[in-house]
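**Student:** After the structure tokens below, expect a handful of questions from me.
The values are calculated or read from the model by the stated rules, or taken from the named source; none is laboratory data. As the structure is a prediction and not an experimental result, all values here were calculated from the model. No Cβ is skipped: glycine too gets one built from the backbone with ideal geometry, and neighbour counts run over all protein chains shown.
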């Protein structure tokens, strides 16, 4: 059961739920009875007041209409929640995978327009075949509104800017959603964000395209956060110019954490281009992106960026490397460059690299007319490590000995324990640094046992069920025996069952235990559900870390945290 669904149930006494089914009837219908639903989402929205929820049964909803001189399938000027994925009788919880709910504009107009000042949540819907022509936002258009998307698919939409989505000066959250095969003639194939704030988490952006800016995403001004998204196979199609195959940020501030940019293409910045922007990038992977300049990334024109634990693999560029810096400032801490042909080209600006790995490339760092400082770099099979002038200290030529994925280390790597301390306390996987006698160079801290603990959902109300998962991997020590102990937080009750893919385990007195051997190539996964106690206060964070013991010592897992959200008070609505 999703958090949004739980919150809706909690708020039910203050709101009306309205029902829509493709075989329903609009005429004379207030949509408030599940047994006699309306036929169109627009009818339910028009009747809704602030705080109402609209449940839409599975099916394909078509047709467009003119509102406020624009044509779209659905016009929203109220603050409502619209949720799809229901059975025809609206029984049970929604499941948009088994019961898809599709709003299809059939190329006749936009799919959804959200009016200024609205607070709108869309959950479990598919928005397809929107066509904005020479206007913006083919799938969804919004200006000055608060928009939340969860488990929403936008595909096959077209516009001038923002093929899938266009948002101006609003607040946007997108989670667990998919943007695929949307296109923009100019910028933002999947989405164009202008001003405001946006948080995008655990989404996928695949095979979107734009003519000039941002094959997937084009962001101008505002504050943008991308967390754990997949940007794959997006393209800027401009032949002579085109920026940011995956993401283009212009005059903005961006925080990128745990994203994967792969197979994206553009003229400048195959994966990412920053222009007059400030950015923080932590634990991102740039793999097999292509461009004329900056196959993986291009940092340009007064941009400032701090990179920590990022990986650039197999990116290609015609004239300027996997990473291109022009009139920008960048600091790279624990960065891994491998297989890129050419690694880093600095046309102008200031660049500092600390604890980097550069491997299997024609050149490492090319400084044409900038300032470059290298500290504790490991070079492996690089024909020309440094071209031009660079200040280097602690450099080492050795063997990286990557694992099969091309960037994790194995036990014989020369990158282990000989980096410098720059205050980085976790690696690209979120696991603790340092392990052993010192800090490792590159994005990964080698360990003979990696233990990642997560919880889902990460936000839940008191009394809700959440599920813990631990994944154990041992990339260097086949057959290692592990003893795991996990003392559950006092704020939860074990529900069970405890499941595990190998070994033996159990639960007793608030403690999970497990013992087993872990091979090099096969991870072991443990899962178990717990229930949060009633009465937990809003803002409470329930944290939990497991402890593993091997013959080599004791190591913690990552920490899983569940947050109790603030209470939601919907507006009081007086009805006659």
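**Student:** Report yes if some residue within the stretch 65-72 is at pLDDT 95 or above and in a loop (DSSP other than H, G, I, E, B); otherwise report no.
**Tutor:** No, because not a single residue in the stretch 65-72 is at pLDDT 95 or above and in a loop (DSSP other than H, G, I, E, B).
Each row is one residue, and each column tells you yes or no for (1) under 19 Å from residue 177 (Cβ atoms); (2) assigned by TED's automatic domain parsing to the domain that holds residue 135.
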{"residue": "43", "(1), (2)": "no, no"}
{"residue": "77", "(1), (2)": "no, yes"}
{"residue": "85", "(1), (2)": "yes, yes"}
{"residue": "101", "(1), (2)": "yes, yes"}
{"residue": "112", "(1), (2)": "yes, yes"}
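**Student:** Across the stretch 47-64, which residue is nearest to residue 105 (Cα to Cα) among those that are touching a residue at least 40 places away in the same chain (Cβ under 8 Å) and touching a helix residue (DSSP H, G or I) at 6+ places or on another chain (Cβ under 8 Å)?
**Tutor:** Of everything passing the filter in the stretch 47-64, 61 is nearest to residue 105 (Cα to Cα).
**Student:** Now for a different question. Can you tell me which condition residue 397 does not meet? The list is (1) within 33 Å of the chain's Cα centre (by Cα); (2) over 28 Å from residue 327 (Cα atoms), and all the others hold.
**Tutor:** Only one criterion in (1) within 33 Å of the chain's Cα centre (by Cα); (2) over 28 Å from residue 327 (Cα atoms) is unmet by residue 397, namely (1).
**Student:** Next question, about the same structure. What residue, of 309, 367, 327, is at pLDDT 95 or above and buried (at least 23 other Cβ atoms within 10 Å of the Cβ)? Before you say what the answer is, go through the steps one by one.
**Tutor:** On the way: 367 fails: buried (at least 23 other Cβ atoms within 10 Å of the Cβ); 327 fails: buried (at least 23 other Cβ atoms within 10 Å of the Cβ).
That would be 309, the only listed residue that is at pLDDT 95 or above and buried (at least 23 other Cβ atoms within 10 Å of the Cβ).
**Student:** Are any of the residues in the stretch 237-245 farther than 17 Å from residue 318 by Cα and in the same structural domain as residue 196 (by TED's automatic domain parsing)?
**Tutor:** no
**Student:** Do you know which residues across the stretch 280-296 are surrounded by fewer than 24 Cβ atoms within 10 Å (Cβ to Cβ) and assigned to a strand (DSSP E or B)?
**Tutor:** Listed by number, the residues that qualify are 280, 282, 285, 287, 290, 292, 293.
**Student:** I need the strands (runs of 3 or more DSSP E) fully contained in the stretch 409-494, keeping only those with at least 1 residues that are within 22 Å of the chain's Cα centre (by Cα), modelled with pLDDT under 95 and not assigned by TED's automatic domain parsing to the domain that holds residue 337. It would help to see each step written out before you state the result.
**Tutor:** Values: elements: 450-456, 465-473, 480-487, 492-494.
Filter on the stretch 409-494 gives 450-456, 465-473.
**Student:** For residue 24, indicate whether it is in contact with a strand residue (DSSP E or B) (Cβ under 6 Å, 6 or more places away or on another chain), outside the structural domain of residue 128 (by TED's automatic domain parsing) and assigned to a loop (DSSP other than H, G, I, E, B).
**Tutor:** Numbers: in contact with a strand residue (DSSP E or B) (Cβ under 6 Å, 6 or more places away or on another chain): yes; outside the structural domain of residue 128 (by TED's automatic domain parsing): yes; assigned to a loop (DSSP other than H, G, I, E, B): yes.
Yes: the conditions hold for residue 24.
**Student:** Could we say that residue 9 is loosely packed, with under 15 Cβ neighbours inside 10 Å and either assigned to a strand (DSSP E or B) or at pLDDT below 95 (or both) here?
**Tutor:** Here the answer is yes, as residue 9 does meet what is asked.
**Student:** Looking at 341, 269, 258, which one is surrounded by 24 or more Cβ atoms within 10 Å (Cβ to Cβ) and in the same structural domain as residue 224 (by TED's automatic domain parsing)? Lay out the reasoning, then the answer.
**Tutor:** Working: 341 fails: surrounded by 24 or more Cβ atoms within 10 Å (Cβ to Cβ); 258 fails: surrounded by 24 or more Cβ atoms within 10 Å (Cβ to Cβ).
Sole residue among the options that is surrounded by 24 or more Cβ atoms within 10 Å (Cβ to Cβ) and in the same structural domain as residue 224 (by TED's automatic domain parsing): 269.
**Student:** Could you go through the stretch 30-46 and let me know if any residue there is in a strand (DSSP E or B) and closer than 25 Å to residue 108 by Cα. Let's see the steps before the verdict.
**Tutor:** Here is the first cut: in the stretch 30-46, the ones in a strand (DSSP E or B) are 38.
Okay, now just the ones that are also closer than 25 Å to residue 108 by Cα, so 38.
Checked the stretch 30-46: at least one residue is in a strand (DSSP E or B) and closer than 25 Å to residue 108 by Cα.
**Student:** Hey, another quick one. Do we have residue 377 as modelled with pLDDT of 95 or more, more than 29 Å from residue 560 (Cα to Cα) and crowded, with 20+ Cβ neighbours inside 10 Å here?
**Tutor:** When the stated conditions are applied, residue 377 passes them.
**Student:** Suppose we keep only residues that are surrounded by 12 or more Cβ atoms within 10 Å (Cβ to Cβ) and assigned to a loop (DSSP other than H, G, I, E, B) within the stretch 525-566. Which one would you say is modelled with the lowest pLDDT?
**Tutor:** 552
**Student:** Moving on to the next point. Could you check the stretch 318-406 for strands (runs of 3 or more DSSP E) lying wholly inside it with 3 or more residues that are under 21 Å from residue 270 (Cβ atoms)? Write out each step before concluding.
**Tutor:** On the way: elements: 323-326, 328-333, 336-346, 349-354, 357-367, 370-375, 378-387, 391-393.
Filter on the stretch 318-406 gives 323-326, 328-333, 336-346, 349-354, 357-367.
**Student:** Just to be sure, is residue 362 closer than 21 Å to residue 313 by Cα and either out of contact with any strand residue (DSSP E or B) (no Cβ under 9 Å at 6 or more places or on another chain) or at pLDDT below 95 (or both)? Explain how you work it out, then say what you get.
**Tutor:** Details: closer than 21 Å to residue 313 by Cα: yes; either out of contact with any strand residue (DSSP E or B) (no Cβ under 9 Å at 6 or more places or on another chain) or at pLDDT below 95 (or both): yes.
In short, yes.
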